[in-house]
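Below is one structure, written out as structure tokens; comments come after it.
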Amino acid sequence: MVFVRSLLLLLVAAVLGGCSSRSETVPAPPPPPPCVPTHAGDCVSAAQFGAMAEELASEYAEDPHFQNQWGLDSINAQTAYANLNLLLGPDAEPGAGVTIGFVDSGIDAEHPVFANKSVYFEPLFSAEPETGEDGASHGTAVASVAAGGKFEGTPIHGVAWGADVAMWSIPLGSGGGLFEPITLEELSDSDAGFAYIFQTAFAWRDAGNRLDILNLSIGFDGLIEHYGAEDLRAALPEMVAALAQAGADEKTILVWSAANAHGDRCEAGVPGCVNGRVNATSTSITAGLPAYFPELRGHSVAVAALNPHDQAVSSFSNRCGIAADYCIAAPGFDIRVAYFGPHQGEVIRGYATGGGTSFAAPMVSGGLAIMKQLFRDQLSNEELVSRLFATADSSGIYADREIYGHGRMDLGAATSPVGVLDVPLGTALATRAHASLGSTGLRLGAAFGDGLAEAFDGDELMALDDHGAPFWYEMRDFAATTDGPSMSARLRTFLGPGTGGLTAGGGSGGMPGAMGTTAGIVRMPTAAGNGHLALAEGAVQVGATEAGGLSATAFTTGPLRPAMPATGAALAWRPGSLPVGLRAGWISERETMLGSLGTGAFGGLSAGTAFFGFDGGMDFAGWTLGAHGEFGVANPAATGGLIQEITPLATSTFALYASRGFARAGSLGFSLSQPLRVENGWAALTAPSARTKAGEVLYRSFRADLAPGERQLDLAAQWNRALPLGELRLGAVWSHWPGHREALGSQAAALAGWRWVF
């Protein structure tokens, strides 16, 4: 019995203008593991994305502006900022492109926190522009919490520091003191005036201005639970009608402060008065109106205030009570705000600390602006409110709905995917998705190079979470390319049997070589895997040869490669008297297309490939010269995914080689070859790209060229020298555009080995 042993003595791989190859040419590996593509073009695992977001979030949390406002950490704003940067880019300013409206006392637009910010101001009734002489500007403070800018020299920034501001100023009372619930008669007297306020703001919106969020840190004394629905509808018909916004293309979200009546002094007999103090077990009248009026539900939010000590409800804050379904909690005590008002006898612009649900409401308003921005204004305002409530932290103490409603606002959760991301396929409804984003991938066979990945450049794929919110990813990140022949494949060829090694002719090897029948495994004779039969690498084959030079073989991967089954047959004819032979064959791939494998939203791929080729050789001046080439046509099919059509694909491969033996110096060989390559063909795709506010999925159709932009050419040389104890082998390979990919540049490798027989 003869035993063959090969010993690798030296391996030196030098990479020129690229990275060293790491994967086999064929067959294509399975699709990449689930990943989350980022704005920077990286496709990272969910764990890596979480780690990246956590790192960015920690940077925000360490920023002095952030640390000076404890409420930002409480609502998990740092994670929302990280999500914005990872998904929209590092320059995305929270809230950019969104205008937050306010009905309040007014605003000092000259305050540093509003520098370079668009501020629309309109006084209503007898409201005068604030001078700061008569007291601190309530509106300036409230607006700074939601949308104050982030500038060097200012100690704080708003939740959505990139948002713009619109202010409608009205005269405000001082609040506090003795709690005296407003009467129905007084409500009726104020109805038309308040209706006018909202009609004015909505008219500004309807004139072509953006007003998606209206912050209302105002209200009447009185708890909603102490008034009847019929009485309130009779007292406030015009105001309720204005707030309902019937006929509006998009209803503005109304964010109300829940009021600060809890613990206020009250007189015996006043509803809710217990031992001289108000037990505010529900919101104020205005904040609680959705509890009675269905037309106000979906676009109204009431906000209770949390304190920084234990992040429980603040002692002064009204509870959510009967408005719990439309209520949430946010920081509202010890809040840093912009200050415009008197100080030691003069008017100053500075910063102060305040408390009240007046400052909890703009926390929510700013959060909604960020959500509006992140989802590219494709979620309706009612969906934003629903998502705000659904992602709130309702664990622990926040599970008490009577106090906290839906719980504490969690802006990080609101801007992160909820549940499993799915890719909608062939449906017009955002509520029906079919393919998991995590399982979506397209692992391209080496013949495609970087053609399809480059064709995807700039195209996006939209996925939807469990609430129908859209998230966008770069499509090219789902198309994983093959680097080209791996070093292990080159080594197997280099130290394999025979003397050809790296310079062997190749072709669709494995054809029967002697008369009679044979059986075996389809193996390509070179690392480059030049022939089409490389698509059936590892298949079981049987063959037959007759005396006239005609041979036939049939093969199938069977159970050996269940994930990538292939079956086919080939014929070869080369009479001994002729220097040239011909061959032809057919390969059926049932789960792949030229070695490419699609999963998830890319659906299933298959192909039937016909190929024909030639090979020949001659001796000249002591050299053996040879050449072979193959041309093929693949007829692909795509089912159940983004790919709607694939045209027939033309393929090619060739090799030129020369070898010579020397009496005392061994043998020398050279080769120039091109691995299997797609020459032309295209695919038509239809990918979800956006959704409407009505929940309709919008698709973009486009064509992608499948031919790679470059052509891999391998130049190889090998010297073999037989010695008494075996054979010394030296070789070198230089690859131009490995894997038919521009990104890899050129690669070179030098190899040395020892092979002996005993």
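Values computed for the structure shown
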quantity	calculated
About the Cα centre, charge dipole magnitude for segment 528-595 (Lys/Arg +1, Asp/Glu -1 at Cβ), debye	80 debye
If the convex hull is drawn through the Cα atoms of segment 588-735, its volume per residue in Å³	162 Å³
Heavy atoms of residue 742 accessible to a 1.4 Å probe, total area in Å² rounded to 10	110 Å²
Farthest toward positive dipole pole in segment 56-206 [+1 Lys/Arg, -1 Asp/Glu at C-beta], among 75, 204, 168	75
Centroid-to-centroid separation of segment 651-726 and segment 277-330 [C-alpha atoms, Å]	65 Å
Most positive-pole-ward Cα, 438, 375, 412, against dipole of segment 337-473 from beta carbon charges	412
In order through segment 414-419: 3J(HN,Hα) via Karplus (6.51 cos²θ - 1.76 cosθ + 1.60), integer Hz, x for Gly, Pro	5, 9, 10, x, 9, x
For peptides 446-457, 633-644, 573-584, sequence by mean Cβ density within 10 Å, most packed first	446-457, 633-644, 573-584
At 1.306 mPa s and 10 °C, Stokes diffusion of segment 235-288 via Kirkwood alpha-carbon radius, µm² per second	118 µm²/s
Antiparallel bridges, percent of DSSP beta bridges restricted to segment 189-309 (to nearest 5)	35 percent
Of all accessible heavy-atom area on the chain, the percent that carbon and sulfur account for (1.4 Å)	56 percent
Cut-off 9 Å between beta-carbons: net charge of the residues surrounding residue 452, Lys and Arg +1, Asp and Glu -1	-2
Calculated SAXS-style log₁₀ I(q)/I(0) at q = 0.13, 0.22 Å⁻¹ - segment 131-235, Debye, Cα scatterers	-0.69, -1.28
All lysines inside 25 Å of residue 117 as judged from Cα atoms, apart from same-chain residues fewer than 8 positions distant	150, 251, 372
Assigned charges on the beta-carbon of Lys, Arg, Asp, Glu; segment 130-226 dipole about Cα centre (debye)	560 debye
Computed [θ] at 222 nm, deg cm²/dmol, the chain (DSSP H ≥ 4; -39,500 (n - 2.57); rounded to nearest 500)	-5000 deg cm²/dmol
Segment 607-660 - percent relative contact order, Cα under 8 Å, separation 6 or more	37 percent
Distance (nanometres) between label positions extended 7 Å along Cα→Cβ at residue 679 and residue 742	2.3 nm
For peptides 719-727, 597-605, sequence by mean Cβ density within 10 Å, most packed first	597-605, 719-727
In Å, descending, principal axis extents of the Cα set of segment 625-692	78, 22, 16
Extended-chain gain in nm, criterion 0.36 nm per residue less alpha-carbon gap, residue 61 and residue 152	31.1 nm
Cα-based Rg and Dmax for segment 189-298, where Dmax is the largest Cα-Cα distance (Å)	15.4, 52
Nearest-0.05 FRET efficiency for residue 250 and residue 705, computed from C-beta distance (R0 35 Å)	0.30
Relative contact order [Cα under 8 Å, 6+ residues apart], the chain, whole percent	14 percent
Viscosity 0.890 mPa s, temperature 25 °C, Stokes-Einstein D of the chain from Kirkwood C-alpha radius, µm²/s	80 µm²/s
Gyration tensor over alpha-carbon atoms, segment 256-410, equivalent ellipsoid semi-axes in Å	25, 23, 14
Residue 517 accessible area, 1.4 Å probe, all protein chains in place, Å² to nearest 10	120 Å²
Scattering profile of segment 84-178 at q = 0.19 Å⁻¹ [log10 I(q)/I(0), Debye over alpha-carbon scatterers]	-0.87
Stretch gain in nm, segment residue 665-residue 457, where the contour uses 0.36 nm per residue and the Cα spacing is subtracted	69.6 nm
Cβ-placed point charges (K, R +1; D, E -1), dipole of the chain about Cα centre in debye, nearest 20	5200 debye
Segment 336-461, Rg to Rh (Cα coordinates; Rh as Kirkwood inverse mean 1/r)	1.19
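The values are calculated or read from the model by the stated rules, or taken from the named source; none is laboratory data. Just so you know, these numbers come straight off a predicted model, no measurement behind them. Cβ atoms come from the backbone with ideal geometry, glycine included; neighbour counts cover every protein chain shown. With ligands, DNA and RNA removed, areas are computed over all heavy atoms of the protein, side chains included. Shrake-Rupley method; radii C 1.70, N 1.55, O 1.52, S 1.80 Å.
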